[in-house]
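Visitor: Here it is, the structure in full.
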Amino acid sequence: MATVELRFSAQPEHVRTARLVAAAVARRAGVEEAVLDEVRLAVGEACSRAVGLHRSNGITAPVRVVLIEEEKLFSIEVGDELPGPAGAPADAVPGIEAVLDPDIEGEDEMGLAVISGLVDDVEVTSGEAGGTIRMTWPVARVSALPQS
């Protein structure tokens, strides 16, 4: 299992870098080429959401992006440092209403709705240490290149 971790200050201009890194690592992990745009868009939405939460709440800690390559899965976790109640139910996560009800509007809600539309396997959690959006895609292993 290979892991890449990226941390960046909560500035909107760093979201593009996170998107590019995520797409490059996803490609290397074996995520299908046709899905890479979805990976880029989903990571961009998750990172923009985390940046927005940090900036609007005066949090100076960096945004975390963890890219995890497993045997048959590729996962990306985008974490923020906005504390939530420990062991809170899913409905306590900011923006989760939009995932459950697509008619709800708002910047935070829209971001999660877009992510849930792009990624089949999404998990949103919140706790005392902050929140995490975990997105997972299947990996299509490429056969090894012939050696010369």
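Visitor: How many residues does segment 1-26 hold that are in a strand (DSSP E or B), under 18 Å from Glu71 (Cα atoms) and among the hydrophobic types (A, V, I, L, M, F, W, C)?
Guide: Number satisfying all stated conditions: 2.
Visitor: Give the residues of segment 47-83 that are acidic (Asp, Glu) and part of a strand (DSSP E or B), sorted by residue number.
Guide: Within segment 47-83, Glu69, Glu77 meet the criteria.
Visitor: Still on this structure, please answer the following. Within the bounds of segment 139-148, is there any residue that is more than 24 Å from Gly52 (Cβ to Cβ), modelled with pLDDT of 85 or more and surrounded by 13 or more Cβ atoms within 10 Å (Cβ to Cβ)?
Guide: yes
Visitor: Which condition breaks for Val21 when tested against (1) under 21 Å from Asp120 (Cβ atoms); (2) surrounded by fewer than 18 Cβ atoms within 10 Å (Cβ to Cβ); (3) out of contact with any Ser or Thr (no Cβ under 6 Å at 6 or more places or on another chain)?
Guide: (1)
Visitor: Quick check on my filter: what residues within segment 31-72 are surrounded by fewer than 16 Cβ atoms within 10 Å (Cβ to Cβ) and not hydroxyl-bearing (Ser, Thr, Tyr)?
Guide: Scanning segment 31-72 gives Glu32, Glu33, Ala34, Asp37, Arg55, Asn57, Gly58, Ala61, Glu70, Glu71, Lys72.
Visitor: Determine whether Val15 is under 13 Å from the mean Cα position of the chain (by Cα) and either surrounded by 13 or more Cβ atoms within 10 Å (Cβ to Cβ) or among the small types (Gly, Ala, Ser) (or both).
Guide: In short, yes.
Visitor: Okay, moving on. Name the residues in segment 27-46 that are of a type in the set (Gly, Ala, Ser), assigned to a helix (DSSP H, G or I) and in contact (Cβ under 8 Å) with a residue 24 or more places away in the chain, would you?
Guide: So the first thing to find is which residues in segment 27-46 are of a type in the set (Gly, Ala, Ser), and the list is 29-30, 34, 42, 44, 46.
Remaining after also requiring assigned to a helix (DSSP H, G or I): 29, 34, 42, 44, 46.
Across segment 27-46, the qualifying residues are Ala29, Ala42, Gly44, Ala46.
The values are calculated or read from the model by the stated rules, or taken from the named source; none is laboratory data. Quick caveat: nothing in here was measured; it's all calculated off a predicted structure. Note that we place each Cβ from the backbone using ideal geometry, even for glycine, and neighbour counts take in every protein chain shown.
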